[in-house]
Amino acid sequence: MSVFRRMRDITVASLNEHLEQSQDPVKLIDQFLVSTRQDIGEAEKLRHQYASHTRQMKQQADQAAAMVNKREEQASMALKAGEEHLAKLALQEKILHEEKMDQYTELYTQSAAALQELDEQINQLKAEYQNVYSKRQYYYARMQTIQLQQRMNQRGNYSGQNVPGMFNKLDDQVSDLEYEAQSLREIRRMGQDGSGLSGNMSSSALDKELERLKQKLNNDKKE
């Protein structure tokens with residue numbers, strides 16, 4: 001029976017060691033559960049064979065015991081009848097059946113003990129399976145929590161922008177456009193009400209000032 005235990009690919013002890021190094025504990029636990037189910041199936045087949053063998057040994061021992069009692073009774077009857085020779089023949093067969101009874105009784109005892117040990121191992125395997133299965137549910141829930149947390153963290157990257165700062169910059173741009181529009185409107189009004197160009201200012205001075213402003217604007221564009 002101990003050989004059967006050593007043949008297992010994954011035990012609970014080795015599972016604990018592998019879990020510490022595994023990146024996917026649920027997958028490892030599933031492998032253990034599949035292996036354990038196979039072990040349970042093989043053990044139950046072996047138990048069925050052992051149970052059948054145990055019943056056969058018990059039957060052989062019982063049959064031999066019945067023959068011992070029968071030959072004992074026949075030997076007594078032969079002696080009562082004065083048939084000593086027949087009594088000896090009956091006792092001779094009794095001795096042979098006693099040996100057979102002792103042999104099969106020993107085999108039955110060994111088989112029954114092995115069957116009991118196998119039953120204990122099957123119960124232990126089933127208990128291990130249930131225990132690990134419950135842990136599998138727990139680790140599966142933990143892995144789901146981790147995956148959901150990772151998804152939430154990924155979405156968190158989009159909310160990391162400086163929203164107030166973005167609108168402050170937009171306010172500055174809109175304010176500049178509003179100031180530009182208002183200035184152009186004031187200049188147009190100056191041209192409409194006749195207060196725009198002064199007759200006292202020479203055209204050359206005005207042209208120079210206009211050229212200076214154009215040059216400044218060009219320099220600002222380059223910068």
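Can you list residue pairs whose Cβ atoms sit under 8 Å apart, with the first residue in the stretch 49-67 being in contact (Cβ under 8 Å) with a residue 12 or more places away in the chain and the second being of a type in the set (D, E)? Count only pairs 6 or more apart in sequence or on different chains.
A64/E98; M67/E93
Which of (1) of a type in the set (K, R); (2) loosely packed, with under 10 Cβ neighbours inside 10 Å; (3) modelled with pLDDT of 90 or more does R155 not meet, given it meets every other one?
Every condition holds for R155 apart from (3).
Scan the stretch 90-149 for residues that are of a type in the set (D, E, K, R) and within 24 Å of the chain's Cα centre (by Cα) and jot them down. Can you show your working first?
Residues of the stretch 90-149 of a type in the set (D, E, K, R): 93-94, 98-100, 102, 106, 117, 119-120, 126, 128, 135-136, 142.
K126, E128, K135, R136, R142 - these are the residues of the stretch 90-149 that are of a type in the set (D, E, K, R) and within 24 Å of the chain's Cα centre (by Cα).
Just for the stretch 158-186: of the residues that are modelled with pLDDT under 70 and assigned to a helix (DSSP H, G or I), which one is nearest to D24 (Cα to Cα)? Steps first, please.
First, pick out the residues of the stretch 158-186 that are modelled with pLDDT under 70: 158-167.
Checking which are assigned to a helix (DSSP H, G or I) leaves us with 158-160, 163-167.
Values: Y158: 29, S159: 30, G160: 31, V163: 39, P164: 42, G165: 42, M166: 42, F167: 45 Å.
Result: Y158.
The values are calculated or read from the model by the stated rules, or taken from the named source; none is laboratory data. These numbers were taken from a predicted model, which means no experiment stands behind them. In this analysis, Cβ positions are derived from the backbone assuming ideal geometry, glycine residues included, and neighbour counts consider all displayed protein chains.
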